[in-house]
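Accompanying notes for the structure given below.
The values are calculated or read from the model by the stated rules, or taken from the named source; none is laboratory data. For clarity, every value in this text was computed on a predicted model and none was experimentally measured. Positions of Cβ are generated from backbone atoms using ideal geometry, with glycine treated the same way; all protein chains shown enter the neighbour counts. Surface accessibility is based on the protein's heavy atoms, side chains included, excluding ligands, DNA and RNA. Shrake-Rupley method; radii C 1.70, N 1.55, O 1.52, S 1.80 Å.
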Amino acid sequence: MARILIVEPVAPAGIEALGHGHETDVRLNLPPGELLQVLAEGGGYDALVVRSQTTVDADVLRAGSPRLAVIGVASIGVDKIDLDAATRAGVMVVNAPTGNTIAAAEHTMSLMLALVRRVPAADASIRRGEWRRGELIGAELRGRTLGIIGLGKIGKQVCRRALAFDMKVLTHDPYITEGQASEVGARLVGLPELLQRADIISVHTPLTEQTRGIIGRAQLAAMKRGVYLVNVARGGILDESALAEALASGQAAGAALDVFTAEPISPKNPLLASPNTILTPHLGAATHEAQARVGQEIAEQVIMALAGVTPPYAVNAPVIGPDAAPRLRPYVELARRLAILARQLTNGPISNVALTYAGDIASWEISPVRTAALAGLLEAVTDQRVNAVNADLIARERGLTVRETRMQESEPWASLLTLELASGDADARLRLAGSTAHGRPHLVSLDGFEINAELSGTVLITRHFDRPGVVGVVGTVLAEAGVNISSLELSRLSAAGEATMFVRVDDPVPGSAIQSLEAQDAIIQTRVIELPPE
């Protein structure tokens, strides 16, 4: 049973889902210092669930170490999470990027409509006892050009709704193609063209080093005079001081913001005194429906991560898409088990790792397979947690050279994964290959010996001369030691040459049995390998 700490409000459905099979502790509104104490007390927590206000930095990760394995962010944005520190610590970060998509898109449209129709000003006026119809003339959306910066999930939903209002839509997004934009009715353009042509500009990008301050003084000056701006994405994307100046000068006709650089908004924020503004307190996901979806979604992600499965919305780990997951996951486990076997068969340092993907697997997204293999190699030789999150990073830091090759030919297997280990410029010191049978990892080759054995449990591996009686000797020695054989695979390079046995056993093999085997003239070497159980 895992322990899960929830420090920001999550819908009851999400808390209930997390509580099925796990211990959940809800401690809301913890000051930063108290959060550090809570994470470290009582043996620690396996998962921490936040939303958009809690900062998870290196100090928080250290406080949760070594037990903390998952950070669940019950929203889209992860800008409050130190992803580099989390990755280095092997802590998986997962978010809930789809649950609030509709809520955020609808809030964007509501702000847009309220802005151009001057709804807040009209409401305030009538509450003062006024009836200023002639002074509160607004504008229509129909026929206007909307510029969407960032055509992700929310941006696409905003686009669809804008088209329903008979708007024209331009979009700027360096990560999509013209075809992807046209599929939702938008035209992909460069940022300068969007700024010059749009009547209304709506931002829908994450906050990154590339997007921070992407709308500043120069960009505002390049816009049409009388432009409207909407931001329901993240604070910091718009330069708030520059926007306040543009509103004061009339360069911008109005702005509607749901997010701010500092939240809660600072009393000194210049937008509080700016004309023609609508400011809401980060309400993009604040609907009952969205909160229920987000709660359920983040619960699913956290539960999968705790079960050792990389969820579809892992932020800092290779992700297996929903369509590819059923076919790829057996090979992820195969890579891990091949690496664990290789690690125990190898003497001395390893500096080169080569992975070859042959057959069907060669056309798949194989980064999860690579990280699983690296984690299997490294997890026992470092005091760090090594997993899909940080395996690439630790491999680089330890000076490992990793080479990947794709091949079409894999007969007689549909897919074949080969792992080679070497030191320096030497030829491969160890070469093994595997595939899957009925979804289970199988070893099919070991240093040139063809074999077909399941990769699980305790295994005795012998290297011996192909002579009569060797198999019987091994069986007798194990029987005398009280060790039961569950399966035995035998392979030889040539008659009377070298051979190998891969003997899966049900019991630990005592040292006395190993000594008895190695005393036999025909036996060159023995190894006892411990692989994960089935």
Would you please report the Å³ per residue occupied by the convex hull of the alpha carbon atoms in segment 412-534?
130
In Hz, Karplus ³J(HN,Hα) per residue of segment 336-351 (6.51, -1.76, 1.60; θ = phi - 60°; x = Gly, Pro)
4, 6, 4, 5, 4, 5, 4, 4, 7, 8, 9, 9, x, x, 10, 10
Based only on the alpha carbon positions, what is the Kirkwood hydrodynamic radius of segment 1-70, in angstrom?
12.1
Calculate the FRET efficiency for Ser110 and Arg327 from the Cβ-Cβ distance with a Förster distance of 41 Å, rounded to the nearest 0.05.
0.45
How long are the three semi-axes of the equivalent ellipsoid for segment 168-268, computed from the Cα gyration tensor as the root of 5 times each eigenvalue, in whole Å, largest first?
23, 16, 11
Rounded to the nearest 10 Å², what accessible area does Asp360 show when all protein chains are kept and the probe is 1.4 Å?
80
Amide H partners (placed H, <5 Å) of Ser445, local residues excluded
Ala433, Ile451
Label zone at Asp507, where the point sits 7 Å out along the Cα-to-Cβ direction: segment 470-487 residues whose backbone N lies under 16 Å
474-487
Between the alpha carbon centres of segment 10-33 and segment 249-291 the gap in Å comes to 29
I need to check one value: relative contact order of the chain, counting alpha carbon pairs closer than 8 Å and at least 6 residues apart, in percent.
11
May I ask you to give the solvent-accessible area per residue for the chain, in square angstrom, as obtained with a 1.4 angstrom probe?
46
Tilt, helix 470-480 to longest principal axis of the chain (alpha-carbon atoms), in degrees rounded to tens, equals 80
Return the sequence-ordered ³J(HN,Hα) values of segment 302-313 in whole Hz as given by the Karplus equation 6.51 cos²θ - 1.76 cosθ + 1.60 applied to θ = phi - 60°, using x for Gly and Pro.
5, 4, 4, 4, 5, 7, x, 9, 6, x, x, 10
Karplus-derived 3J(HN,Hα), 6.51/-1.76/1.60, for each residue of segment 499-505, Hz, glycine and proline x
9, 9, 10, 10, 10, 7, 10
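For Gln408 and Gln344 in the same chain, what is the full-extension length gain: residue separation times 0.36 nm, less their Cα-Cα distance, in nm? Spell out each step's value before the answer.
Details: separation 64, 0.36 × 64 = 23.04 nm, distance 2.97 nm.
Length gained, Gln408 through Gln344: 20.1 nm.
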Relative to the longest principal Cα axis of the chain, at what angle does helix 101-116 sit, 0 to 90 degrees, rounded to 10?
20
Magnitude of the Cβ-charge dipole (Lys and Arg +1, Asp and Glu -1) of the chain about the Cα centre, nearest 20 debye, reported as 2040
Considering only DSSP beta bridges with both partners in segment 279-423, what is the antiparallel share in %, to the nearest 5?
55
Residues with amide H under 5 Å from that of Ala252, placed H, sequence gap 5 or more:
Gly226, Leu247
Charge dipole (segment 92-165, unit charges on Cβ, about Cα centre) - positive-most of Gly147, Gly99, Ser125:
Gly147
Using only the Cα atoms of segment 450-518, build the gyration tensor, take square roots of its eigenvalues as a ≥ b ≥ c, and label the shape rounded, prolate or oblate: rounded if a/c is under 1.5, else prolate if a/b is larger than b/c, else oblate.
oblate
Scaled radius of gyration (Cα, divided by 2.2 N^0.38 Å) that segment 80-207 gives:
1.33
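Can you give the Rg/Rh ratio of the chain, where Rg is from the C-alpha atoms and Rh is the Kirkwood radius?
Here Rg/Rh amounts to 1.11.
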When the dipole is taken about the Cα centre of segment 387-533, and only Lys, Arg (+1) and Asp, Glu (-1) are charged at their Cβ, what size is it in debye, to the nearest 20?
160
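Sorting His20, His438, His282 by accessible area (1.4 Å probe), largest first, what list results? Numbers along the way, then the final one.
Details: His20 125, His438 195, His282 55 Å².
Reading off the accessible areas and sorting them downward yields His438, His20, His282.
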Full-stretch length increase - Ala495, Leu83 - with 0.36 nm per residue and alpha-carbon distance subtracted
142.7 nm
Given charges at beta-carbon only (K, R positive; D, E negative), |dipole| of segment 133-229 in Debye
200
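Checking the a/c ratio against 1.5 first, then a/b against b/c, what shape does the Cα gyration tensor give for segment 426-482? If you can, show how the numbers build up before the last one.
Values: a/c = 2.33, a/b = 1.39, b/c = 1.68.
Cα axes put segment 426-482 in the oblate bin.
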Inter-site label distance for Ala522 and Ser367 at 7 Å from Cα along Cβ, in nm:
5.1
Determine the alpha carbon to alpha carbon distance for each of Lys80/Lys224; Lys80/Lys268; Lys168/Lys224 and list only those over 25 Å.
Lys80/Lys224
Each label sits 7 Å from Cα toward the beta-carbon; between Val309 and Glu23 the label points are separated, in nm, by 2.5
In the chain, with Lys and Arg counted as +1 and Asp and Glu as -1 at Cβ, which of these residues, Ala422, His172, Pro326, has the Cα nearest the positive end of the dipole, that is, farthest along it?
His172
Please give the Cα centre distance for segment 395-473 versus segment 170-239, rounded to the nearest Å.
51
Given Cβ charges of +1 for Lys and Arg and -1 for Asp and Glu, the option among Thr277, Val56, Gly250 whose Cα lies farthest towards the positive end of the dipole of the chain is Gly250
For a quick check of understanding: with a 1.4 angstrom probe and all protein chains in place, what accessible area in square angstrom does Asp239 have, to the nearest ten?
50
